[in-house]
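Note sheet for the following structure.
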Amino acid sequence: MSSKEELYKLLVDKAPYGTLFFAYGVCIDANPRVFEILDCDKKQLVGSSLDEITGDESTALVDLKLQLKKAVRANLEQVAWCCPETTGVREIDIRIIYAGENNRDLVVTLQPQPNEQRIHADQGREAKPRKSAADAVADHLVEQEIEPGPAIESTEHSPAAPVASSEPPSPPSAIDEVLDPPILTSPLASLSDGGDTWGKKLSAREYYFDSLTNLPNRQKLLGHLRDFLNAHSGGELCGALLMIDLDNFKDINDSWGHALGDEVIKKIGRAIAGLVHGDKMLARMSGDEFLMFIPDISDSISQAAWDAQALAEGVREVVAAPIFLDGHEVILTASIGIALLTDASLSAERALQYADTAMYEAKRKGRNSIAFFDPCITEKAQRQIGLNTRLRKALDNQEFALYVQPQICLSSGRVQGGEALLRWINSDKVTNMPSEFIPVLESSGLIVDVGQWVIRTACEYIRSLLDEGLWKDYMRLGINISPRQFRDPQLIEVVQHSVNSYGIEPRYLDFEITENMVIDDVEETIRKMQDIKQLGASFSIDDFGIGYSSMIYLKRLPFDHLKIDREFVRNISRDPDSRGVVEAIMAVSKQYGLDVMAEGVENRDSLEVLRAVGCDGYQGAHYSMPVPFDRFRKILAA
Ligand code: C2E
Ligand code: MG
Ligand code: MG
């Protein structure tokens, strides 16, 4: 460890709190602690924008982004945040320790409060955020405009909905845990509301009903649901569960106190109950969470989906109606998850879990929205298993093909080689793309064999082009190496053996690896890269983003080329931020003597910007998408 920069990095990496860096509103780096806190990995976080929510982000990350945007807008330096976790919520201090003039360059720390203060949702309503932060939030609450939010689907926002901090969805209430089976089966003596307390005998009313709203509680609803599922076992059923969670309810408690919060819950409960007739049931699950159970919603599944959606819309409407209390006008929104009940073998608990999952999905979509539980999630897992079996045979059956995408030198305009890209053309002649099968190859380990085939085939291509006089000495062929393949101890022998058997120069090969492969073990990566470079081959860092750590890797690892991720190339001619990122990458690359290749160049405008910023080469649809080898040969011959 020598340079000051590295020492600072060490300090940040080992810090007990999380640190995030944003440039142009895009997260460019974070220390390892952040990934724990946000329950996400580096790939999800780095490159993620404050203005956009993508499907693979954790709930905590989505929520943090909302908090940050609001804090920046309200000029807050510190916010007490209830970070949603699977088991409840955790109190975390968000501090903005630096905000650039544009408010888009930020340095943020996340300081978890001591463990004793880790609160579970039910207590969470009572836990007071630390005063300064709570006051600050309350002060700004009034002036705040509504959060337009990352609406993706059917999200709407009621004007004036106060949103200053998040309301985490609640896990099962503590009461359920205290009161499990033994009491359930014992005869219940009284149905009165009267005097029994904990430790004594409980009345049925206390046991089955929520004292604040007088609605059935979780136990009551679960029992009802179990009866329904049992009654239909073996037959057909078409019911629905709607999990309803109020958005940002915590703001009400924090700014107006719990007494008013309770009044709001009562009123909302009553309003939703107005939609419940016949054999429907509405229960208060915990905190600000309600569950509606509709035993027989319609005759067919498709109709059930429509009806459940319509009902959820109705709930959204009644929740959104303004409530007047103590001279305050309160406007709320709800996130609603729908699980359709079509399988009587499902347990009641599992059905509840489905509705809960869907509700999280609705929150993730940007709150104030409705989402259905997607059974495809489990189907997907099964499909993967099937895919694995078919991929095992694919290599023997010669179903893989290696396409090549030409790469162009920006200054001369000539083809300087290409990138080899795998395709799987199965027995139905369907061409499958790497994103569909490489993860399966990788997780099953098959990638090692397939990767060896790729290296051999690439060498074979070069041999054949050399023989035809089409391969020039300045050309290179890029080969992607996956993490597992890179770790394979035989990799170097495979490369050596392949170049020897086809009699080609190793320097014609350029191995493309991504940053996340490096992170695992930097020293080992360096050693391995050096061994392969000794043979004469070169290395590219693929899909390059703008992480601070990736910049560090650039310095330490013996890369020859850098490939700019197509995400940053895509909008380069229209979006100044993308251009800024690419310019930053160019500056660093030049400093380290790296040759830069842009991926995914789709039009002339992008090309001109890339030329202007000093990029060396490109590949992309503008010149040619990946093509079968014969076609690539023709391109070289033209
Ligand atoms: P990559 O290495 O970043 O490859 C570039 C990807 O960008 C290719 O996707 C290519 O088809 C696509 N691309 C190039 N130009 C354009 C463009 O102008 N517009 C758009 N929309 N896309 C463009 P592809 O072939 O689907 O490969 C995806 C990824 O799969 C590759 O990303 C690479 O990480 C992996 N992969 C492909 N072949 C292999 C292989 O043989 N071994 C391993 N381990 N991974 C591979
Ligand atoms: Mg690549
Ligand atoms: Mg790439």
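Here the calculated FRET efficiency for Asp374 and Met433, from their Cβ-Cβ distance with R0 = 25 Å, stands at 0.65, rounded to the nearest 0.05. Near Arg570: Cβ cut-off under 11 Å, other residues only, Lys/Arg at +1 and Asp/Glu at -1. The net charge is -3.
Relative to the current alpha-carbon distance between Leu325 and Arg604, full extension at 0.36 nm per residue lengthens the span by 94.4 nm. Figure legend: label point modelled 7 angstrom from the Cα of Ile492 along Cα→Cβ; residues of segment 502-540 with amide N under 15 Å from it are 523-538.
For segment 536-638, a crude dipole built from +1 on the beta carbon of Lys and Arg and -1 on the beta carbon of Asp and Glu, taken about the Cα centre, is about 220 debye to the nearest 20. A crude spin-label estimate for the pair Trp306 and Asp531, with each label 7 Å from Cα along the Cβ direction, gives 6.4 nm.
In terms of the mean number of neighbouring beta-carbon atoms within 10 Å, the peptides 233-241, 465-473, 425-433 order highest first as 233-241, 465-473, 425-433.
Given R0 = 25 Å, the distance between the Cβ atoms of His622 and Asp467 translates into a calculated FRET efficiency of 0.25.
Peptides 404-413, 336-345 ordered by packing proxy, namely the average of other Cβ atoms within 10 Å per residue, highest first: 336-345, 404-413. Here is the link list: Lys69/Lys266; Lys9/Lys42; Lys43/Lys365; Lys555/Lys590; Lys69/Lys250; Lys4/Lys533. Which ones come out longer than 22 Å on Cα distance? Cα-Cα > 22 Å for Lys69/Lys266; Lys4/Lys533; rest within. With a Förster radius of 30 Å applied to the beta-carbon distance between Val522 and Tyr17, the computed FRET efficiency rounds to 0.80. For segment 254-323, the C-alpha radius of gyration divided by 2.2 N^0.38 Å, with N the number of residues, is 1.27.
Highest mean first, the peptides 16-26, 529-539 sorted by other C-beta atoms within 10 Å per residue fall in the order 16-26, 529-539.
For segment 398-449, the share of accessible area belonging to carbon and sulfur comes to 51 percent (1.4 Å probe, ligands and nucleic acids excluded). Could you give the Stokes-Einstein D for segment 296-360 in µm² per second, using the C-alpha Kirkwood radius, 4 °C, 1.567 mPa s? Estimated diffusion coefficient is 95 µm²/s. Rounded to two decimals, the Cα-based Rg/Rh of segment 213-285, with Kirkwood Rh, is 1.09.
Compared with the direct C-alpha span, the chain from Lys555 to Leu395 gains 53.8 nm at full extension, assuming 0.36 nm per residue. Hey, if you put +1 on the Cβ of every Lys and Arg and -1 on every Asp and Glu Cβ in segment 376-512, which of Pro439, Ser498, Leu402 ends up farthest toward the positive end of that dipole? The listed residue farthest towards the positive side: Pro439. Which one of Leu346, Tyr360, Val450 is farthest out on the positive end of the charge dipole of segment 334-461, using unit charges on Cβ (Lys, Arg +1; Asp, Glu -1) and the Cα centre as origin? So the residue we want is Tyr360.
The values are calculated or read from the model by the stated rules, or taken from the named source; none is laboratory data. All values reported here derive from a predicted model rather than from experimental measurement. Every residue, glycine as well, gets a Cβ built from its backbone with ideal geometry; the counts of neighbours run over all protein chains shown. When the accessible area is computed, the model is the full protein with side chains, heavy atoms only, and any ligands, DNA or RNA have been set aside. Shrake-Rupley method; radii C 1.70, N 1.55, O 1.52, S 1.80 Å.
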